[in-house]
Amino acid sequence: MNGSKGSEGNVGTKRSKDLGNILIAGVGPAAIQTAVQLCAAGFSERIGLYNRRGARAERIKRELNQNHFEVNLTIQDKEEELTTKVDCFLDDVSQLSDEWDTVILATPCTSYANVIELLQTADLKRVRTIVLLAPNIGSNDLVKNLLLKETVEVISMSTYFAATKSLNSAIKAHTKAYKKRIYLGSSNRKSRMVNTLQEFLKSMNIDGEIVDHPLDAECRNITTYVHPAFFLNRFTLNEIFGHHTNGKKYMYKLFPEGPITPQRIRIMVRLWKEISTLMNELGAKPINLLQFLNDDNYPVPTECIQREDIDDFSEYEEVKQEYLMYIRYASILIDPFSKPDHEGRYFEFSAVPFKKAEEENKGVWSIPRIPFEDYQKLIVIYGLAENSGIPMPEMKRLIKSFESECEQIESLLGIKESLIEARRESSLREVTNIMKERKRRLL
């Protein structure tokens with residue numbers, strides 16, 4: 001086992017350590033930040049990190065050894081740097097010993113199945129709780145179906161609770177901002193662990209709202225509604241593969257600087273309505289999309305959208321919903337609550353660059369998560385709808401259009417492997433497992 005048995009960095013003297021020994025799967029900036037803040041707030045006995053073998057795992061291993069297994073976190077507008085010592089890093093499941101009480105999946109939700117199947121090759125009898133840091137709709141059922149031990153509780157967070165990036169090192173993270181509210185849903189209706197996670201979120205001044213069902217948490221992820229509408233298109237593919245010839249493009253700007261058009265807004269509103277119908281069918285509570293975007297994510301001034309229009313958004317006709325949603329995105333092209341500079345310019349909130357694809361070898365590309373993981377998530381949602389007898393014509397059109405555009409990019413650039421085929425097959429396997437779990441519960 002590669003590790004340094006921790007001491008001072010892992011001790012929280014003022015709290016009972018209800019999560020026990022915690023193994024975090026994934027070693028991105030979200031994992032580092034979560035590890036540090038769990039220790040800082042006293043919610044863990046020991047912290048271990050796991051990641052499958054590869055270039056990133058090798059880098060993590062090297063940097064941890066060089067830094068005596070200390071990981072670091074800085075927080076925007078705070079001078080203090082938080083440091084904790086992790087107890088071990090593992091890149092081989094055969095090295096895992098039966099010492100972990102809680103497993104946190106800090107990997108993309110599209111990797112959950114692979115991670116769970118790998119972890120179960122180890123004899124982890126002590127594990128009683130698995131926390132999904134950023135699940136898709138249906139992820140809780142997916143994980144429950146794959147688990148060999150039915151008594152393990154699976155808790156879905158609505159989304160990762162902060163905005164965090166690496167800071168010149170794989171073991172140093174910087175948190176730019178925290179979410180205002182995170183929803184928590186457990187597979188165990190009498191869960192105590194959701195209260196513990198609620199307290200953990202409270203330690204970062206985040207409102208943790210406990211919901212009745214994991215799906216009620218899972219459907220409250222902003223990317224589920226925004227990313228497919230804005231990024232599953234030729235505009236995004238041209239930008240990430242370097243085929244725009246008229247300047248740099250940004251993720252949340254209006255066309256031509258970005259992908260947002262009235263048509264894209266229309267797609268978003270229609271997808272939201274289709275997903276809402278599915279949530280009703282599956283027993284979850286649909287969201288008021290504008291209210292969710294405004295109250296749980298980032299608000300706009302009342303001069304732009306009145307409170308009444310936010311609260312009554314779900315009741316309006318579709319044309320007015322599209323109008324209000326377009327106003328919302330036009331209103332946050334800049335941060336309306338930032339302080340203007342000496343020239344009266346506000347912070348350019350929408351200028352988020354696309355991550356680019358890179359050709360590693362001729363015809364072999366390394367591609368970014370956006371938009372391809374969003375495509376995978378959409379395939380799962382559409383598959384659940386098909387199995388539930390819920391028609392989703394807008395989602396179907398979007399999926400087919402994106403698949404066609406990917407094929408054209410493959411042909412144009414001579415890409416050897418399909419950009420989507422393996423991802424589609426993986427998502428369809430997820431649908432099968434999710435439906436198995438739902439049917440099992442009905443028996």
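FYI, it's all coordinate maths here, none of it is from the lab. None of these values were measured; they are calculated from a predicted model. Note that we place each Cβ from the backbone using ideal geometry, even for glycine, and neighbour counts take in every protein chain shown.
Find how many whole Å separate the alpha carbon centroid of region 153-202 from the alpha carbon centroid of region 34-91.
16
Return the sequence-ordered ³J(HN,Hα) values of region 284-301 in whole Hz as given by the Karplus equation 6.51 cos²θ - 1.76 cosθ + 1.60 applied to θ = phi - 60°, using x for Gly and Pro.
Once rounded to whole Hz, the list reads 9, 9, x, 9, 7, 4, 5, 4, 5, 4, 7, 8, 9, 10, 9, x, 10, x.
Output the pairs from Lys202/Lys377; Lys78/Lys190; Lys356/Lys439; Lys165/Lys249; Lys85/Lys125 with a Cα-Cα distance over 32 Å in this structure; if there are none, say none. Please list the in-between numbers first.
Working: Lys202/Lys377 29 Å; Lys78/Lys190 38 Å; Lys356/Lys439 41 Å; Lys165/Lys249 21 Å; Lys85/Lys125 25 Å.
As for pairs spanning more than 32 Å Cα to Cα, those are Lys78/Lys190; Lys356/Lys439.
To check you understand DSSP bridge types, tell me what percent of the beta bridges within the chain (both residues inside) are antiparallel, rounded to 5. Mind dumping the intermediate values first?
On the way: 19 of 47 bridges.
Within the chain, antiparallel bridges account for around 40 percent of the total.
Subtract the Cα-Cα distance of Ser94 and Arg369 from 0.36 nm times their separation in residues, and report this length gain in nm to one decimal. Intermediate results must be reported in sequence, preceding the final value.
Working: separation 275, 0.36 × 275 = 99.00 nm, distance 2.86 nm.
Net length gain for the segment: 96.1 nm.
Counting each pair of different Cα atoms once, what's the Kirkwood radius of region 256-410 in Å, rounded to one decimal? Could you put the intermediate results ahead of the total?
Working: mean 1/r = 0.0553 Å⁻¹.
Hydrodynamic radius (Kirkwood, Cα pairs) of region 256-410 is 18.1 Å.
Note down, for region 54-138, the three equivalent ellipsoid semi-axes (square root of 5 times each alpha carbon gyration tensor eigenvalue), biggest first, whole angstrom. Show your work: numbers first, answer last.
Details: eigenvalues 125, 67, 39 Å².
Semi-axes, largest first: 25, 18, 14 Å.
How compact is region 225-318 by the rule of thumb for globular proteins, expressed as Cα Rg over 2.2 N^0.38 Å?
Numbers: Rg = 15.5 Å, N = 94, 2.2 N^0.38 = 12.4 Å.
In units of the globular-protein estimate, region 225-318 measures up at 1.26.
If you average over every viewing direction, what projected area does the convex hull of the Cα atoms of region 284-325 give, in nm²? Working shown, then result.
Details: hull surface 12.3 nm².
Result: a mean projected hull area of 3.1 nm².
What do you get for Rg/Rh over region 258-307 if you use C-alpha atoms and the Kirkwood form of Rh? Walk me through the intermediate numbers first.
Numbers: Rg = 13.0 Å, Rh = 12.5 Å.
Here Rg/Rh amounts to 1.04.
Starting from the Cα-Cα distance between Asn297 and Asn205, subtract it from 0.36 nm times their residue separation and give me the gain in nm to one decimal.
Details: separation 92, 0.36 × 92 = 33.12 nm, distance 1.47 nm.
Gain in length upon complete extension: 31.7 nm.
Restricting things to Cα coordinates, could you compute the convex hull volume per residue of region 166-238 in Å³?
On the way: hull volume 11.0 nm³, N = 73.
Normalising the Cα hull of region 166-238 by residue number yields 151 Å³.
If you wrap a convex hull around the alpha carbons of region 335-425, what volume per residue comes out, as a whole number of Å³?
So the per-residue hull volume is 157 Å³.
Which value, in Å³ per residue, describes the convex hull spanned by the Cα atoms of the chain? Spell out each step's value before the answer.
On the way: hull volume 69.7 nm³, N = 443.
In the chain, the Cα hull volume divided by residue count equals 157 Å³.
Run through all the Cα pairs of region 307-371 and give the fraction in each 5 Å bin from 0, expressed as whole percent.
4, 13, 13, 12, 12, 13, 12, 9, 7, 4, 1, 0
Please report, to two decimal places, log10 I(q)/I(0) for region 47-197 at q = 0.10, 0.21 Å⁻¹ as given by the Debye formula with identical point scatterers on the Cα atoms and no solvent.
-0.39, -1.49
Among Tyr323, Tyr225, Tyr250, determine the one that fluctuates most according to a GNM of the chain built with springs between C-alpha atoms less than 10 Å apart.
It is Tyr323.
In µm²/s, what is D for region 391-443 at 25 °C and 0.890 mPa s, where D = kT/(6 pi eta Rh) by Stokes-Einstein and Rh is the Kirkwood radius from Cα pairs? Walk me through the intermediate numbers first.
Details: Rh = 13.2 Å.
D, rounded to a whole number, is 186 µm²/s.
Just to verify a number: FRET efficiency for Asn65 and Arg189, C-beta to C-beta distance, R0 = 35 Å, to 0.05?
Working: r = 44 Å, r/R0 = 1.25.
Efficiency for this residue pair is about 0.20.
Rounded to the nearest 20 debye, what is the charge dipole size of the chain about its Cα centre when +1 sits on each Lys and Arg Cβ and -1 on each Asp and Glu Cβ?
Here the chain has a charge dipole of around 740 debye.
Taking region 136-274 as the region of interest, what is the percent of Cα-Cα pairs per 5 angstrom bin, listed from the shortest bin to the one with the maximum distance?
2, 9, 14, 14, 14, 16, 14, 9, 5, 2, 1, 0
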